[in-house]
Each structure stands twice: as C-alpha cells, then as structure tokens.
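Student: Take a look at this one; I'll ask things after.
The values are calculated or read from the model by the stated rules, or taken from the named source; none is laboratory data. Since this is a predicted model, take the numbers as computed values, not measurements. So basically every Cβ, Gly included, is an ideal-geometry build from the backbone, and we count neighbours across all protein chains shown. Please note that ligands, DNA and RNA were not included when accessible areas were found on the heavy atoms of the full protein model with its side chains. Shrake-Rupley method; radii C 1.70, N 1.55, O 1.52, S 1.80 Å.
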Amino acid sequence: MKKLILVLVAVVIISNAIWSYLYFNKEVETNLNTGVQVYTLKGTGDTWDVLDYKIIISSSKILRGHGKLVFKGDPSALVNSSYYKYEVNEKNTNNKDETVLVNEARSTDGPISILSNTDIGSITGPYLYDELNKNRQNYENTTLSITWNDNEGELHSETISLDIESEISLKDDL
C-alpha cells in the first residue's frame, strides 16, 4: 500500500511540475491589432469632393464610411437625375483594388435626389481575408468612384483619390 501511495504522490508531483512548466513558459499570445485606429480621408475631383470619410479599425471590427459627397457644379443640373452609384476601393496587400463599400440608387418613375443623398453610408464588419495585414499605405490608396446621370440622361463618371487628412491611434499596452 505504501508503494502505491508513493507512486501516486510521485505522479501528482511530476504532473504538477509539467503543468507548471507549461504554464509559466508559454508564449504570450498577442493580438495583431490591439487598440483603435481612426483614419479620416478626403479627396477633390473635378465635379465632386469627398469629405470626412472614415476608416475605424478596432481589435475585432472595421468600419468604413460616414463621409460626405459635395457636388461642385450647378445643383439644377441634377434635379431630374434618375441614377447614381458610388463605389469605394482600397488596395489590398497584393496591391490590387478591392471594393469595400457600394451604394446605388435608380429610379424609373421619376427623379432621385442625388444632392439630398450625399452622405456616404457605412459598413461595419469583422476582419476578412488579409485585412489584418493592411496598413496605413493601403488606406492611403483609397478611391471613390461615382457615376451619375444628369437631367438629360447623360451618364458621367469620376474617380476621386482620397488622402488621409488625420489619423488617431490608441494602442493598448500589454
């Protein structure tokens, strides 16, 4: 009986030693993105400007949008417009354009009011694919393409390069 107790005590001590070693010598897992980064972008085109477009990156989600489109032409030229679409693209880690936000409106029974719908929508979601590998350079290469028709039904298109206007970074200290 003494031998059995000694064997069990030895197993418990060895087991505790192994678990202690594994616990104290494990590598600290670090999240690739701790804290929050906020980029505010703007851009100027021939016909449209983009103001206050935001990219907000947290440890688990990313939000894009909340900007504003500003028409620089005569507002009466768009009163009877029946179509517009804007599309936001970023460069992915392979330096290829990747569409991250799209909004489109079309009317067949009358005009749509482009100028009253100039707030760029937003989209929030978890990270996808190589999102965690993106950096400031990827976001600096964001473009917004807008397509619309005027009162005569003529289709126009413009692509606006967005530049980072401001950046806020809050990091968690581990």
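Student: Quick one: check the C-alpha center-to-center distance for region 103-129 versus region 34-55, whole angstrom.
Tutor: 16
Student: Specify the residue with the greatest mean-square fluctuation among ILE160, ILE14, ILE112, computed from a Gaussian network of the chain linking alpha-carbon atoms under 10 Å apart.
Tutor: ILE14
Student: Okay, moving on. Once you list every other residue whose beta carbon is under 9 Å from the beta carbon of THR40, what net charge do they have if Lys and Arg are +1 and Asp and Glu are -1? Write out the running numbers ahead of the final one.
Tutor: Numbers: positive: LYS42, LYS54; negative: ASP52, GLU165, GLU167.
Charge balance near THR40 sits at -1.
Student: Still on this model: Net charge within 13 Å of VAL50 by Cβ-Cβ distance, Lys/Arg positive one each and Asp/Glu negative one each, not counting VAL50 itself?
Tutor: Working: positive: LYS42, LYS54, ARG64, LYS68, LYS72; negative: ASP46, ASP49, ASP52, GLU87, ASP119, GLU158, ASP163, GLU165.
For residues surrounding VAL50, the net value is -3.
Student: Right, another one. Taking amide H atoms as placed 1.01 Å from N in the peptide plane, list the residues 5 or more away in sequence, or in a different chain, whose amide H sits under 5 Å from that of GLY45.
Tutor: Residues meeting the criterion, in which the H sits 1.01 Å from N, are VAL50.
Student: If the cut-off is 16 Å between C-alpha atoms, which lysines fall inside it for LYS171, apart from same-chain ones fewer than 8 positions away?
Tutor: LYS61
Student: Among THR124, THR93, THR108, which one shows the biggest mean-square fluctuation in a GNM of the chain, springs joining Cα atoms closer than 10 Å?
Tutor: THR108
Student: Probe of 1.4 angstrom, ligands and nucleic acids ignored: what's the accessible area per residue over the chain, in square angstrom? Write out the running numbers ahead of the final one.
Tutor: Numbers: 11310 Å² over 174 residues.
Counting only protein heavy atoms, the per-residue value for the chain is 65 Å².
Student: Right, another one. Applying the Karplus parametrisation 6.51 cos²θ - 1.76 cosθ + 1.60 with θ = phi - 60° to the phi angles of region 138-149, what ³J(HN,Hα) value in whole Hz is obtained for each residue in order, glycine and proline being reported as x?
Tutor: Running phi through 6.51 cos²θ - 1.76 cosθ + 1.60 with θ = phi - 60° gives 4, 6, 5, 9, 6, 10, 10, 10, 10, 10, 8, 10 Hz.
Student: Mind listing the phi-derived Karplus ³J(HN,Hα) values for region 53-67, rounded to whole Hz, using 6.51, -1.76 and 1.60 with θ = phi - 60°, and x for any glycine or proline?
Tutor: 6, 10, 10, 10, 10, 10, 6, 10, 9, 9, 10, 10, x, 6, x
Student: Under 5 Å between amide hydrogens, which residues at least 5 positions from ILE112 or on another chain qualify, with H placed 1.01 Å from N in the peptide plane?
Tutor: HN-HN under 5 Å from ILE112: SER81, SER82, TYR83.
Student: Which of the peptides 4-10, 41-47 is most tightly packed, and how do the rest follow, judged by the mean count of other Cβ atoms within 10 Å per residue? Present the calculation step by step, with values, prior to reporting the outcome.
Tutor: Numbers: 4-10: 9.6, 41-47: 16.6.
For the peptides 4-10, 41-47, the packing ranking is 41-47, 4-10.
Student: Kindly provide the chymotrypsin sites (Phe, Trp or Tyr not before Pro) of region 68-153 that DSSP labels as loop, not H, G, I, E or B, and whose Cβ sees at most 11 other Cβ atoms within 10 Å.
Tutor: Loop-located and lightly packed - TYR129.
Student: Determine the share of region 1-113's accessible area contributed by carbon and sulfur atoms, expressed in whole percent, with a 1.4 angstrom probe. Working shown, then result.
Tutor: Working: 4270 of 7490 Å².
Percent of accessible area from carbon and sulfur atoms in region 1-113: 57.
Student: What does the convex hull of the Cα atoms of region 53-174 come to per residue, in Å³, rounded to a whole number?
Tutor: Numbers: hull volume 14.6 nm³, N = 122.
About 120 Å³ per residue, rounded to a whole number.
Student: Right, another one. When the Cα atoms of region 1-120 are enclosed in a convex hull and the volume is divided per residue, what value in Å³ results?
Tutor: Roughly 198 Å³ of hull volume per residue.
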